[in-house]
Amino acid sequence: MIAKLSKWWFAPAPAERLAALRIAIGAYATIYVAARSGELIASAQLHRGSFAPVGVARILRAPLPPWLAIAIAAACVALMLAFTLGIAYRVVAPVAAVALLWTLTYRNAWGQVFHTEDLVVLHVLALACTPAADAWTLGRTRTTTNRGDPRDYGWAIRLLVALTAATYLLAGIAKLRLAGMAWLDGEQLRNQIAVDNARELLFGAAPSRLAVPLLAHPSWFTAFSVGTLVIELGAPLVFLHRRLAHAWAITAWAFHAGVLVLMHIVFPYPLLGFAFLPLFEPERIARRVAAGLARGMRRLRGSV
Amino acid sequence: MALTRILISLAFVGATLSALHRDPLDDGFPISTYPMFAQPRTTWFTEDYALGADRHGVTRPLPAATSGTGEVLQAAALYEDAVHAGGRQLAPLCAAVARRVAADPALRDLVAVRIVEGTHDVLALLAGEPRGGAGRAPRGAEHVRWGCPVVRE
């Protein structure tokens, strides 16, 4: 049994697949932190009485000086860029992952944990512990690239998949632990969606145009509740078959699209597909994009 | 090498699933119990937030950004925390909100900020909201916890 499990976990995969995941997930994290710089600067200057540290930020008894929190966030962007490009990966990747962990944990230390940010941090931390820069690394030519055995890479991709599946499974279990099977009747989800839209209203924003008329039809929410739990508790099925994994990824994406439409809550990591990328073959997508770009460049040169 | 990889895999998956051993409401980051959307809710909802008042005393909800963060949930947590802490936290928060209101041309009709605790029947609140009109619905009971003027130079 253990031998079978080990053989499955260490099944071979190309170095380029793991490298493509490093580039995609690293680029997402880099852009995400850079795009959030306004929010990061604002939260660094919030009233110290509102500081409620979570995770690694619990080592602090009081908030950092704003300039230091902002400097760490800026360094995080630079480090994550180097992570994405694979520069000095063995040294840079762990430092970049810790910088991301700190930056986003600190942002979450002001009374509200953003569940939209957990998985990207877990993925980056995991990637930092893997040989994800053995291919497609800046500064290395094809001949100097240090590609190992294909068995060196499959486990890392499975680990990313396992982390994605685990987070959805936990979300499903939390619903059963907190509300029990009553969660399935749809009333709690309906109330939650109503509360969320009301909160939008109380903070000067418009509620969802679709949610408000839908609240008058409770039976819809029974279907939504059952669907949500099936998706979340069914996440471990992604390990059974590739097609099942793809089908799960599409339905989980649709779930997040529904959350966006009904609650105006954006989960960018799954909505943009990055959370589900380890379930696919991103190196093929990257090659197609590169080939398309090369064709475009040739046409452009030909027309000049 | 294989042992190291097994240990890394077990450490990450084990740490993530360790949330199962915590109280579901004892959330963390990035090891979360994912309590969002899981807690039982009724249609009655109590929230702390800020209102802007014009010179006729007519109030409307202020955008989250006037709290110091554009994130609605974080803004709600800031007001809740300040209301629980009382005047020593409400006074500087109200003053900071008033400064942001004064700097926003879209809020130039507002002359005062009120931080309130409101209790609403959310279905009634949403049903009373005209399409596209944020904050025009009749609101439920609101108790003012702090107030301060909007000072413009």
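Yes or no: the range B:18-41 includes at least one residue that is over 30 Å from A:Leu160 (Cα atoms) and at the interface with chain A (Cβ under 7 Å from one of its Cβ atoms). Among the residues of the range B:18-41, at least one is over 30 Å from A:Leu160 (Cα atoms) and at the interface with chain A (Cβ under 7 Å from one of its Cβ atoms), which makes the answer yes. The residue pairs whose first member lies in the range A:44-60 and is of a type in the set (Phe, Trp, Tyr), whose second member is at pLDDT 85 or above, and whose beta carbons are closer than 6 Å, counting only pairs six or more residues apart or on different chains, are A:Phe51/A:Pro63.
Out of curiosity, is A:Ala97 in a helix (DSSP H, G or I) and either crowded, with 23+ Cβ neighbours inside 10 Å or over 22 Å from the mean Cα position of the chain (by Cα) (or both)? Considered against the rule, which asks whether it is in a helix (DSSP H, G or I) and either crowded, with 23+ Cβ neighbours inside 10 Å or over 22 Å from the mean Cα position of the chain (by Cα) (or both), A:Ala97 comes out as yes.
Here's the yes/no breakdown for (1) among the charged types (D, E, K, R); (2) modelled with pLDDT of 95 or more; (3) more than 20 Å from A:Thr251 (Cα to Cα); (4) touching a Lys or Arg at 6+ places or on another chain (Cβ under 9 Å):
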| position | (1), (2), (3), (4) |
| --- | --- |
| A:Ala156 | no, yes, yes, yes |
| A:Leu163 | no, yes, no, no |
| A:Lys175 | yes, yes, no, no |
| A:Asp185 | yes, no, yes, no |
| A:Gln188 | no, no, yes, yes |
| A:Leu201 | no, no, yes, yes |
| A:Ser225 | no, yes, no, yes |
| A:Leu229 | no, yes, no, yes |
| A:Gly234 | no, yes, no, no |
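The helices (runs of 4 or more DSSP H) falling completely within the range A:220-304 that include 3 or more residues that are surrounded by fewer than 16 Cβ atoms within 10 Å (Cβ to Cβ) map to A:242-263, A:282-303. Working only within the range B:82-103, note down all residues that are at the interface with another protein chain (Cβ under 8 Å from one of its Cβ atoms) and buried (at least 23 other Cβ atoms within 10 Å of the Cβ). Result: B:Ala82, B:Leu93.
The test for being touching a residue at least 60 places away in the same chain (Cβ under 8 Å) and under 13 Å from A:Ala44 (Cα atoms) holds for A:Thr103. Return yes or no: is A:Gly55 of a type outside the set (A, V, I, L, M), within 30 Å of B:Val97 (Cβ to Cβ) and touching a Pro at 6+ places or on another chain (Cβ under 9 Å)? The answer is yes for A:Gly55.
You will find that of B:Tyr49, B:Tyr79, the residue that is hydroxyl-bearing (Ser, Thr, Tyr), out of contact with any helix residue (DSSP H, G or I) (no Cβ under 6 Å at 6 or more places or on another chain) and surrounded by 21 or more Cβ atoms within 10 Å (Cβ to Cβ) is B:Tyr79 and no other. Scan (1) more than 30 Å from B:Thr46 (Cβ to Cβ); (2) surrounded by 19 or more Cβ atoms within 10 Å (Cβ to Cβ) for the single condition A:Phe203 breaks and write down its number. Among (1) more than 30 Å from B:Thr46 (Cβ to Cβ); (2) surrounded by 19 or more Cβ atoms within 10 Å (Cβ to Cβ), the lone unmet condition for A:Phe203 is (1).
Out of the residues in the range A:116-148 that are at the interface with chain B (Cβ under 10 Å from one of its Cβ atoms) and modelled with pLDDT under 95, which is surrounded by the fewest Cβ atoms within 10 Å (Cβ to Cβ)? Checking each candidate, the answer is A:Gly148. Considering the range B:57-81, the residues that are at the interface with chain A (Cβ under 7 Å from one of its Cβ atoms), in contact (Cβ under 8 Å) with a residue 12 or more places away in the chain and farther than 13 Å from A:Leu202 by Cα include one that is nearest to the chain's Cα centre (by Cα), namely B:Leu78. Pairing each residue of the range A:204-216 that is over 26 Å from B:Val113 (Cα atoms) with any residue that is of a type in the set (Ser, Thr, Tyr) and assigned to a loop (DSSP other than H, G, I, E, B), provided the two are 6+ apart or on different chains, yields C-beta distances under 9 Å for A:Leu214/A:Ser208. Would you confirm whether any residue within the range B:53-63 is of a type in the set (Gly, Ala, Ser) and crowded, with 21+ Cβ neighbours inside 10 Å? No; the residues of the range B:53-63 include none that is of a type in the set (Gly, Ala, Ser) and crowded, with 21+ Cβ neighbours inside 10 Å. Being at the interface with another protein chain (Cβ under 7 Å from one of its Cβ atoms) and either part of a helix (DSSP H, G or I) or in contact with a His (Cβ under 6 Å, 6 or more places away or on another chain) (or both) holds for only one residue in A:Arg190, A:Arg158, A:Arg177, and it is A:Arg177.
Just one of the listed residues (B:Val111, B:Val144) is surrounded by fewer than 17 Cβ atoms within 10 Å (Cβ to Cβ), outside any helix (DSSP H, G or I) and modelled with pLDDT of 95 or more, and it is B:Val144.
The values are calculated or read from the model by the stated rules, or taken from the named source; none is laboratory data. Nothing here was measured: the structure is a model prediction, and the numbers come from that model. We place every Cβ from the backbone using ideal geometry, glycine too, and count neighbours over all the protein chains shown.
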